[in-house]
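Below is one structure, written out as structure tokens, with a few remarks after it.
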């Protein structure tokens with residue numbers, strides 16, 4: 001009998017105005033191995049904890065990310081496509097490629113059923129039969145989603161570290177609510193290749 005193939009998905013970078021937007025994913029036929037790692041929400045981990053958790057989960061599951069650069073985000077948002085719609089298509093691409101039996105995802109719409117319906121419309125072929133499970137705060141409840149969030153966050157943190165090595169610690173946290181980040185954006189305008197001209201809310 002074919003084992004159940006699981007996929008977890010979460011993002012990093014939705015609230016940032018600096019750097020790329022990452023959709024992390026984790027795949028496994030043995031989700032119980034992730035449960036045994038005691039993974040936490042990536043937002044509750046420091047840099048050392050992130051890297052340690054990433055290393056541990058990578059030993060027991062397949063991991064990866066889809067990344068959208070600031071230039072790609074700006075071009076897509078200028079065409080009227082929201083960040084949520086971009087994530088919809090990223091997940092649909094992953095599911096169509098991998099064909100998991102069960103998809104667990106942290107809900108980024110007001111209601112989980114809304115996300116399920118939107119994803120279902122994008123799934124084709126065998127992917128149309130995927131068992132979609134979405135909920136708010138899933139990274140704090142489902143280890144598979146916590147793992148996906150860690151994968152996405154590790155890649156974002158590594159990008160920020162690379163940018164700081166190249167340009168210095170000039171942009172603060174990178175979050176759109178950070179006054180230091182906003183001041184940096186006002187000073188450079190759209191001249192910095194790693195700054196988004198559209199933030200998470202399309203402003």
Over region 127-172, what number does the Rg to Rh ratio reach, with both radii from the alpha-carbon atoms and Rh per Kirkwood?
-> 1.23
Region 1-87, relative contact order in percent, only Cα pairs under 8 angstrom and at least six apart counted = 33
Segment residue 169-residue 111, length gained on full extension (0.36 nm per residue, minus Cα span) = 17.1 nm
Calculated FRET value between residue 161 and residue 4, using beta carbons and R₀ = 35 Å, to 0.05 = 0.45
Helix 47-58 sits at what angle to the longest principal axis of the chain, using alpha carbons and giving 0 to 90 degrees rounded to 10?
-> 30
Using alpha carbon centers only, region 46-70 is separated from region 90-106 by a whole-angstrom value of 18
Translational D in µm²/s for region 2-45 (Stokes-Einstein at 4 °C, 1.567 mPa s, Kirkwood Rh from C-alpha pairs) = 103
Using a Förster distance of 30 angstrom, determine the FRET efficiency expected from the C-beta separation of residue 193 and residue 122, and round it to 0.05.
-> 0.50
The Cα radius of gyration of region 119-198, divided by 2.2 N^0.38 Å with N its residue count, comes to 1.55
Based on alpha-carbon positions alone, could you give the equivalent ellipsoid semi-axes of the chain from the gyration tensor, as √(5λ), descending, whole Å?
-> 30, 21, 13
So for region 81-162, what percent of the C-alpha to C-alpha distances run longer than 16 Å?
-> 55
For the Cα atoms of the chain, what angle does the longest principal axis make with the long axis of helix 143-167, in degrees from 0 to 90, nearest 10?
-> 20
In degrees, nearest ten, helix 83-98 long axis to first principal axis of the chain (Cα) = 40
For region 25-50, list residues with backbone N below 15 Å from a point placed 7 Å from the Cα of residue 98 toward its Cβ?
-> 25-35
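No value in this document is a laboratory result; all are computed from the given coordinates. Just so you know, these numbers come straight off a predicted model, no measurement behind them. Using ideal geometry, Cβ is built from the backbone for each residue, glycine included, and neighbour counts are taken over all protein chains shown.
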